[in-house]
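The values are calculated or read from the model by the stated rules, or taken from the named source; none is laboratory data. All of these numbers come straight from a predicted model, not from anything done at the bench. Glycine gets a Cβ as well: all are built from the backbone with ideal geometry, and neighbour counts include every protein chain shown.
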């Protein structure tokens, strides 16, 4: 259309210009749209991690003694500073896992957190990790942390950042020992699975 | 938010995230940091096409870079002191890389690493009030974070360089951060 405008006689030129302008506007619009798409913010690290916690709650089966009644909620405990903000609270409000409501509880490092099903150990309690794990030993609690070496220390799931994506390792041996059944779906997407049996 | 919940596990593991400072090994809340901190990420460096650290710093409010066609000189808050950036503490991966001769920080093409290797630059300004009282205690702190893979690649090239850069190579083998500090 633009070229057509340029090569026509002077009489036709205004129409050609008009078409050229229309094209320009169109190009600009497309350009801005593309830029806008480019600039859409990536989700935050902890928004994705919150979504993962929710998926852990969906794809891990707790033993009957941990969830006695039908209406019992799945309790996600956060030990130490909460890095998730609203992300996790919103999930808890809107979603259910395995037909159960999700409840979020917050604990300090030295508090008794054994009433939870899934326990996230925040970075702020990294130094007390061993002590907390020892206190929970043998209980059917899915422990999750970002601390490097957590699964080797006796934790069940360890988050890791790989090339700006959130991945996780699973210690299936510990999970089995404490009576947690980890779905094969989780095991399949895990970065690595420790399984000594 | 709800869209993230709707993703499958495979999609979630493939989702690129914006990492936060807290994800690094050194953790400090910005509210607890001793001064105001500016962070420039690798994305920004790529998007603006910065080619040297001087370019990066020039883009930060309160910093200006001058050049005598030999070296680039950094000034902060409208003041440059006319020295070889020796009041700037430059840390790469937590290791000091100011040179041994003048104690200066190279921010131009004399800087040890290609800016492409930088994951993030953190600029920590010193407390403003101390500028008036004692200029030498005004701290500006930068930190550059290197990706692990890239750090390994840079290690190979660094081993061929003179021993003044050895602090960088020791850092590159383990951590994935590069870190720079400025003493002003």
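Restricting attention to the range A:86-129, the residues being closer than 17 Å to residue A:144 by Cα, within 14 Å of another protein chain (Cβ to nearest Cβ) and assigned to a loop (DSSP other than H, G, I, E, B) number 1.
Evaluating residue A:27 against the criteria (1) within 14 Å of chain B (Cβ to nearest Cβ); (2) at pLDDT below 70 leaves one unmet condition, (1).
So that you can scan it fast, the table gives a plain yes or no per residue for (1) more than 16 Å from residue A:57 (Cα to Cα); (2) free of Cβ contacts under 8 Å to residues at least 12 places away in the same chain; (3) touching a helix residue (DSSP H, G or I) at 6+ places or on another chain (Cβ under 9 Å); (4) buried (at least 20 other Cβ atoms within 10 Å of the Cβ):
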| site | (1), (2), (3), (4) |
| --- | --- |
| A:94 | no, yes, yes, no |
| A:113 | yes, no, yes, yes |
| A:116 | no, no, no, yes |
| A:144 | no, no, yes, yes |
| A:151 | yes, no, yes, yes |
| A:157 | no, no, yes, yes |
| A:170 | no, no, yes, yes |
| A:174 | yes, no, yes, yes |
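Taking the conditions (1) within 14 Å of another protein chain (Cβ to nearest Cβ); (2) closer than 16 Å to residue B:119 by Cα; (3) at pLDDT below 80 in turn, residue B:28 satisfies each one other than (2).
For the range B:84-140, the set of residues classified as assigned to a loop (DSSP other than H, G, I, E, B), in contact with a helix residue (DSSP H, G or I) (Cβ under 9 Å, 6 or more places away or on another chain) and at pLDDT below 75 consists of B:87, B:93, B:94, B:126, B:127, B:138, listed by residue number. Residue B:12 falls short on exactly one of the conditions (1) closer than 30 Å to residue A:123 by Cα; (2) under 18 Å from the mean Cα position of the chain (by Cα); (3) at pLDDT 85 or above, and that condition is (2). Quickly run through the range A:123-138 and pick out the residues that are more than 22 Å from residue A:65 (Cα to Cα), modelled with pLDDT of 90 or more and crowded, with 16+ Cβ neighbours inside 10 Å. Once the filter is applied, which keeps residues that are more than 22 Å from residue A:65 (Cα to Cα), modelled with pLDDT of 90 or more and crowded, with 16+ Cβ neighbours inside 10 Å, the range A:123-138 yields only A:129.
Restricting attention to the range A:58-77, does a residue exist that is facing chain B (nearest Cβ under 8 Å) and part of a helix (DSSP H, G or I)? There is at least one residue in the range A:58-77 that is facing chain B (nearest Cβ under 8 Å) and part of a helix (DSSP H, G or I). Among the residues of the range A:66-80, those identified as surrounded by fewer than 15 Cβ atoms within 10 Å (Cβ to Cβ) and over 13 Å from residue A:115 (Cβ atoms) are A:69, A:70, A:71.
Run residue A:142 past the list (1) out of contact with any strand residue (DSSP E or B) (no Cβ under 7 Å at 6 or more places or on another chain); (2) more than 14 Å from chain B (Cβ to nearest Cβ) and report the number of the one that doesn't hold. Only one criterion is unmet by residue A:142, namely (1).
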